[in-house]
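Chemist: This is the structure, below, for whatever I ask next.
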Amino acid sequence: MRKFNVTGQCMPNQDYMVDISNKISQIMVMVERGDYFTINRARQYGKTTTLWRLDDELVRQGYTVAHISFEGIGDTPFENEKKFCKSLLRQITGELKSRKIKGAAAWEKCSAKTFEELDVFLNVACKDKKIVLMIDETDKTSNNLVFLRFIGMLRNKYLLRKNGKVFTFQSVILCGVYDIKNLKVKLIKSGQYQLQDGEKRINSPWNIAADFEVDMSFSTTEIAGMLNEYEKDHKTGMDIETISEEIRVYTNGYPYLVSRLCKTIDEKLNKDWTLNGLQQAIKLILIEQSTLFDDLIKNIEADDELNSLLKENILNGERIPYNADNYAIRTGLIFGIFLHKGESAAIHNRIFEIRLYNYYISQKAAERREIPKGFASDVIENGKFNMPLAIKKFMAHYYELYNKSKANFLEGECRLLFLTYIRPLINGNGFYHIESETRDSRRMDVIIDFGSEQFIIELKIWKGEQKHEKAHEQLIEYLNSKNKSEGYLLTFDFRKKKAKKPSAKWVRKSKKKFLDCLCI
């Protein structure tokens with residue numbers, strides 16, 4: 001029986017898989033054109049599985065494939081040209097011999113010790129042959145400068161091959177987290193490259209590479225196709241369309257997260273393929289330790305610029321204008337933390353956003369006085385969450401601690417205080433996320449999912465009656481965009497002359513109902 005796989009290469013006869021044949025077809029067009037390119041995506045984004053599926057298709061269409069990897073070969077091959085050439089030739093020879101390619105003997109006899117000698121050999125070995133070189137795990141190179149010289153040699157051959165006197169690989173495909181065009185980022189981090197005063201760029205020997213624009217995320221339709229295969233075997237009666245859409249909403253198609261959710265429901269939640277089961281699966285993976293989440297936090301903690309940018313976005317609600325030359329944005333894109341969305345750089349998916357919020361909440365709680373935690377038993381009855389009561393209790397705790405404070409919090413700080421209070425109340429049955437933007441590109445604040453219910457809470461700072469009325473209009477628009485009839489407006493008042501007590505009253509406007517709360 002097939003299973004959902006979240007480690008290593010997926011195999012069609014062993015694992016439930018998204019059908020990526022359309023993606024493979026797009027890559028095949030690039031190979032047929034003779035493109036050289038990099039498949040660079042974040043960790044656990046399906047790169048290796050894609051390479052092996054591409055490998056199968058290339059062989060089926062008559063190409064000779066030399067599919068090698070830099071993983072597990074140690075540091076020695078990257079010490080100098082001689083050792084690199086020896087390792088490269090050994091790996092390619094092994095590949096060709098295992099595939100029973102007639103020309104394997106020539107590769108085995110080659111004794112090239114420099115890139116110049118390797119260049120001469122490739123003129124003979126690649127003549128009148130459609131050989132595709134695929135190198136996986138290019139990030140494993142321990143000395144990228146040696147590797148860059150090798151890439152430079154391939155670049156020169158690529159440029160000269162059009163005259164018919166120089167022969168080389170039909171296509172070269174590099175696979176890793178870092179695009180070779182952006183390798184400076186890794187060189188700087190590893191200490192192998194030091195920026196000079198005023199320097200922002202490093203020339204790339206891979207500037208002949210074609211842009212790789214194949215969308216490797218999983219669409220709702222692709223997720224549904226995989227679940228259809230699962231349903232044929234297990235007959236759970238799930239609403240495939242609804243579950244597929246909801247998985248896409250929370251993962252944005254990040255391959256590992258899609259498979260992780262499915263695997264969790266299948267193996268840990270007794271095949272509960274309902275929206276409630278999906279929420280339970282999200283809750284479980286949000287608290288688990290995994291390589292993906294470990295890398296997420298590790299990459300943030302290792303980069304002050306990226307960390308600072310994320311804090312502005314996560315804690316203070318600051319939108320990040322997209323700038324391809326911004327080091328922190330580019331780093332976030334490389335690691336899959338950001339995605340390019342219109343004119344902004346946005347957090348890739350809701351699960352990442354919640355995980356990052358939890359991370360920053362835990363940091364902030366250690367830095368300052370924390371609002372006392374409420375008790376879930378006070379606000380949960382018969383599986384229903386009493387949001388009006390939870391907000392009123394929060395307001396009472398806030399008043400008790402901060403009424404005499406002169407603190408002038410940013411909206412993000414207010415949001416953080418509220419989430420610090422609400423998080424333990426919903427843990428176990430729900431979770432929150434911050435809606436990154438609505439259809440009119442304005443910020444929506446906290447959305448809490450609890451069981452089958454969803455609560456929308458807009459947080460504001462008091463800036464006068466006119467602004468407050470505008471906040472009413474914005475909340476109504478937000479509710480319309482989410483097809484909801486009820487919401488909550490929580491306003492923090494820092495005026496010197498403010499109300500003596502917090503207040504909360506229900507307001508009805510434009511066929512909507514919302515609790516208008518003033519927190520002092």
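The values are calculated or read from the model by the stated rules, or taken from the named source; none is laboratory data. Note that the structure is predicted; figures quoted are calculated from it, not measured. Backbone-built Cβ (ideal geometry, glycine too); neighbour counts: all protein chains shown. Ligands, DNA and RNA are excluded from the accessible area calculation, which covers all protein heavy atoms including side chains. Shrake-Rupley method; radii C 1.70, N 1.55, O 1.52, S 1.80 Å.
Chemist: If the Cβ limit is 6 Å and pairs must be 6+ apart or interchain, which residue in the stretch 92-106 that is of a type outside the set (Val, Ile, Thr) pairs with which residue that is assigned to a helix (DSSP H, G or I) and open to solvent by 30 Å² or more (accessible area, probe 1.4 Å)?
Modeler: ALA104/LYS97
Chemist: Also, quick follow-up: Looking only at the stretch 406-419, which residues are open to solvent by 10 Å² or more (accessible area, probe 1.4 Å) and either of a type in the set (Lys, Arg) or modelled with pLDDT of 85 or more (or both)?
Modeler: Of everything in the stretch 406-419, just one residue is open to solvent by 10 Å² or more (accessible area, probe 1.4 Å) and either of a type in the set (Lys, Arg) or modelled with pLDDT of 85 or more (or both), namely LYS406.
Chemist: Let me ask something else about it. Quickly run through the stretch 477-520 and pick out the residues that are surrounded by fewer than 17 Cβ atoms within 10 Å (Cβ to Cβ) and β-branched (Val, Ile, Thr).
Modeler: Scanning the stretch 477-520 gives a single hit, VAL507.
Chemist: Can you go through ILE27, ILE39 and tell me which one is assigned to a helix (DSSP H, G or I) and under 26 Å from the mean Cα position of the chain (by Cα)?
Modeler: Unique residue meeting the criteria: ILE27.
Chemist: Can you say whether ILE329 is among the β-branched types (Val, Ile, Thr), in contact (Cβ under 8 Å) with a residue 12 or more places away in the chain and open to solvent by 10 Å² or more (accessible area, probe 1.4 Å), as far as the supplied structure shows?
Modeler: Values: among the β-branched types (Val, Ile, Thr): yes; in contact (Cβ under 8 Å) with a residue 12 or more places away in the chain: yes; open to solvent by 10 Å² or more (accessible area, probe 1.4 Å): no.
Answer is no for this residue.
Okay, residues lined up against (1) closer than 20 Å to SER503 by Cα; (2) over 34 Å from the mean Cα position of the chain (by Cα); (3) among the small types (Gly, Ala, Ser); (4) modelled with pLDDT of 75 or more:
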{"position": "LEU339", "(1), (2), (3), (4)": "no, no, no, yes"}
{"position": "ILE347", "(1), (2), (3), (4)": "no, no, no, yes"}
{"position": "LEU356", "(1), (2), (3), (4)": "no, no, no, yes"}
{"position": "GLN363", "(1), (2), (3), (4)": "no, no, no, yes"}
{"position": "GLU381", "(1), (2), (3), (4)": "no, yes, no, yes"}
{"position": "LEU389", "(1), (2), (3), (4)": "yes, yes, no, yes"}
{"position": "LYS392", "(1), (2), (3), (4)": "yes, yes, no, yes"}
{"position": "ALA396", "(1), (2), (3), (4)": "yes, yes, yes, yes"}
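Chemist: Further question on the same structure: Would you say GLU245 is surrounded by fewer than 18 Cβ atoms within 10 Å (Cβ to Cβ) and within 21 Å of HIS433 (Cα to Cα)?
Modeler: The answer is yes for GLU245.
Chemist: Which residue is modelled with the lowest pLDDT, if the candidates are limited to the stretch 258-307 and must be more than 22 Å from THR220 (Cβ to Cβ), open to solvent by 40 Å² or more (accessible area, probe 1.4 Å) and in a loop (DSSP other than H, G, I, E, B)?
Modeler: Step by step, filter the stretch 258-307, then rank; the result is GLN289.
Chemist: Within the stretch 123-140, count every residue that is touching a strand residue (DSSP E or B) at 6+ places or on another chain (Cβ under 9 Å) and farther than 18 Å from LEU54 by Cβ. Don't jump to the end; show me each part of the working.
Modeler: In the first step, residues of the stretch 123-140 are kept if they are touching a strand residue (DSSP E or B) at 6+ places or on another chain (Cβ under 9 Å); the result is 125, 129-140.
When the remaining residues are screened for being farther than 18 Å from LEU54 by Cβ, the result is 125, 129, 139-140.
Count: 4.
Chemist: Looking only at the stretch 494-520, how many residues end up being in contact with a Phe, Trp or Tyr (Cβ under 8 Å, 6 or more places away or on another chain) and at pLDDT 90 or above? Talk me through it step by step, then tell me what you get.
Modeler: Just the residues of the stretch 494-520 that are in contact with a Phe, Trp or Tyr (Cβ under 8 Å, 6 or more places away or on another chain), to begin with: 494-495, 498, 501-502, 506-507, 513-520.
When the remaining residues are screened for being at pLDDT 90 or above, the result is 502, 506-507, 513-519.
The qualifying residues number 10.
Chemist: Given the conditions (1) open to solvent by less than 70 Å² (accessible area, probe 1.4 Å); (2) not in a helix (DSSP H, G or I), which single one is not true for HIS468?
Modeler: It fails just one condition, (2).
Chemist: For a quick check of your reading of the model, give me the residue pairs whose first member lies in the stretch 156-176 and is closer than 21 Å to ILE27 by Cβ and at pLDDT below 95, whose second is of a type in the set (D, E, K, R) and open to solvent by less than 30 Å² (accessible area, probe 1.4 Å), with beta-carbon atoms closer than 8 Å and at least 6 apart or on different chains.
Modeler: The qualifying pairs are CYS175/LYS47; CYS175/ASP136; GLY176/LYS47; GLY176/ASP136; GLY176/ASP139.
Chemist: Let me ask another. Out of (1) open to solvent by less than 40 Å² (accessible area, probe 1.4 Å); (2) touching a Lys or Arg at 6+ places or on another chain (Cβ under 9 Å); (3) in contact (Cβ under 8 Å) with a residue 60 or more places away in the chain, the odd one out for HIS348 is which?
Modeler: Among (1) open to solvent by less than 40 Å² (accessible area, probe 1.4 Å); (2) touching a Lys or Arg at 6+ places or on another chain (Cβ under 9 Å); (3) in contact (Cβ under 8 Å) with a residue 60 or more places away in the chain, HIS348 violates only (2).
Chemist: Separate question: Collect the residues in the stretch 31-44 that are out of contact with any Asp or Glu (no Cβ under 7 Å at 6 or more places or on another chain) and surrounded by fewer than 20 Cβ atoms within 10 Å (Cβ to Cβ), keeping them in residue-number order.
Modeler: Answer for the stretch 31-44, where residues must be out of contact with any Asp or Glu (no Cβ under 7 Å at 6 or more places or on another chain) and surrounded by fewer than 20 Cβ atoms within 10 Å (Cβ to Cβ): GLU32, ARG33, GLY34, ASP35.
Chemist: Take the residues of the stretch 196-221 that are in contact with a Lys or Arg (Cβ under 6 Å, 6 or more places away or on another chain) and among the polar types (S, T, N, Q): which is modelled with the lowest pLDDT?
Modeler: SER204
Chemist: Taking the stretch 51-74, which residues are at pLDDT below 95 and of a type in the set (Val, Ile, Thr)?
Modeler: ILE73, the sole residue that qualifies.
Chemist: With the requirement that a residue be buried (at least 19 other Cβ atoms within 10 Å of the Cβ) and assigned to a helix (DSSP H, G or I), what does the stretch 56-80 give you?
Modeler: Listed by number, the residues that qualify are LEU58, PRO77, PHE78.
Chemist: Related question: Out of the residues in the stretch 321-337 that are assigned to a loop (DSSP other than H, G, I, E, B) and modelled with pLDDT under 90, which is farthest from HIS348 (Cα to Cα)? Lay out the reasoning, then the answer.
Modeler: Just the residues of the stretch 321-337 that are assigned to a loop (DSSP other than H, G, I, E, B), to begin with: 322-326, 335-337.
Of the ones still in play, those that are also modelled with pLDDT under 90 are 324-325.
Values: ALA324: 16, ASP325: 19 Å.
The extreme case among them is ASP325.
Chemist: Which number in (1) among the small types (Gly, Ala, Ser); (2) open to solvent by 10 Å² or more (accessible area, probe 1.4 Å); (3) without any contact (Cβ under 8 Å) to a residue 60 or more places away in the chain marks the one condition that ALA209 misses?
Modeler: It is condition (3) that ALA209 fails.
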